[in-house]
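Written out below as structure tokens is the structure these notes cover.
Throughout, read-outs are computed from the coordinates displayed, never taken from laboratory work. Just so we're clear, the structure is a prediction, and the values are computed from it rather than from any experiment. Every residue, glycine as well, gets a Cβ built from its backbone with ideal geometry; the counts of neighbours run over all protein chains shown.
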Amino acid sequence: MAMGSGFNQETKTGAFFMATLLIWVFSVLWEILINKRKELFPIVLGFIFYQSANWVIPKLLRNCDPLFVNTCVSLLHSSTTSASVLFILVNQSMISNGVNVNQMFEHSQLVEHTWPWAFTALCFSCGYFAYDQLDMLLNRLYSGWIPSILLHHFLLLICFTLALYRNVTINYLILTLICELHSVFLHLRKVRRMAGFRDCNGSIFVKAEWVLNWTSFVLARVVSHILITVKLIRDASKFDKGGVELPLALFGMAGMNLLNTFLGIDLLKAYRREMNPQRSRQNHHD
């Protein structure tokens with residue numbers, strides 16, 4: 001009876017997130033087709049690109065497991081987004097001729113202006129999150145009454161899309177995507193384990209992977225998000241009074257920092273388990 005109740009609750013949860021996704025799709029298509037916002041079309045291209053990858057990967061790797069395919073596409077997204085963010089930042093610093101690089105991170109630059117390619121990159125990522133949300137819903141790649149991954153994508157789609165509609169805080173959001181550098185190693189580890197390479201505590205590759213995993217977690221995720229939060233608080237008086245940008249940004253960063261904490265705890269558990277496989281098996285048998 002309890003299992004049936006839990007299944008029904010998960011079904012209701014899936015229906016809720018599917019409904020919100022369809023509303024989001026209708027909103028985006030309305031903006032593009034009715035309001036003639038052609039600059040938003042990369043959202044559609046992003047969705048098509050990652051959905052196409054979802055169809056191609058099983059044929060290339062001869063593995064049709066939905067979770068494995070989803071993780072491979074996530075690895076593709078984190079790699080593509082990381083490269084895009086680095087390109088945008090380097091390109092902007094070159095445009096500034098290295099003289100006024102600090103001006104890149106002034107309040108007006110982060111809120112009111114948009115670096116070259118930043119808008120397109122954010123649109124493309126929006127397309128990915130829409131694809132990923134749909135893929136997880138269709139293949140039930142989630143669990144629990146309030147799945148954190150579905151909630152995470154739901155909030156990101158709201159924040160990113162509102163920013164794109166209003167064309168504000170685009171550069172701020174690009175900076176938050178620096179965390180995708182860490183996601184590369186996060187997804188790489190998951191793909192490796194799903195491919196069957198689990199107890200590899202003696203492998204130089206796995207040790208190097210963990211070094212990069214922890215380094216990128218601290219620098220690209222924890223430190224970068226804390227610095228963005230501090231920047232928002234310091235520049236709070238510079239935001240328009242009564243506007244939604246500051247509350248939405250602070251709420252989003254609070255959520256990201258909280259998720260980073262939970263992720264760090266999970267990473268530490270995984271690290272201990274992978275570096276001490278015999279102890280993990282012993283504890284499991286006990």
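Taking the alpha carbon gyration tensor of the range 132-192, multiplying each eigenvalue by 5 and rooting it gives semi-axes of 24, 18, 9 Å, largest first.
Compared with the dominant principal axis of the Cα atoms in the chain, helix 148-166 is inclined by about 10°.
On a 0 to 90° scale, report how tilted helix 118-138 is relative to the longest principal axis of the chain, with both axes built from alpha carbons and the result rounded to the nearest 10. Tilt relative to the chain: about 40 degrees. In sequence order, the range 21-36 has phi-based couplings of 5, 5, 5, 4, 4, 4, 5, 5, 5, 4, 5, 6, 8, 8, 8, 6 Hz under the Karplus curve 6.51 cos²θ - 1.76 cosθ + 1.60, θ = phi - 60°, and Gly or Pro positions carry x. Placing a pseudo-label 7 Å from each Cα along the Cα-to-Cβ vector at ASP235 and PHE251 gives an inter-label distance of 2.1 nm.
Once you wrap a convex hull around the alpha carbon atoms of the range 15-135, what is its projected area averaged over all directions, in nm²? Projected area, direction-averaged: 9.5 nm².
Evaluating 6.51 cos²θ - 1.76 cosθ + 1.60 at θ = phi - 60° for every residue in the range 169-177, the Karplus couplings come out as 6, 4, 5, 4, 5, 4, 5, 5, 6 Hz, glycine and proline recorded as x. Pair-distance distribution of the chain: all C-alpha pairs, bin width 10 Å, starting at 0; shares per bin in whole percent are 6, 24, 34, 25, 10, 2, 0.
Taking Cα centre as origin and charging only the Cβ of basic (Lys, Arg, +1) and acidic (Asp, Glu, -1) residues, the dipole magnitude of the range 146-205 rounds to 160 debye. What angle, in degrees between 0 and 90 and rounded to the nearest 10, separates the Cα long axis of helix 204-216 from the longest principal axis of the Cα atoms of the chain? The answer is roughly 40 degrees. Overall shape: prolate for the range 66-180, with the ratio a/c of the largest to smallest alpha carbon gyration tensor axis at 1.5 or above and a/b above b/c.
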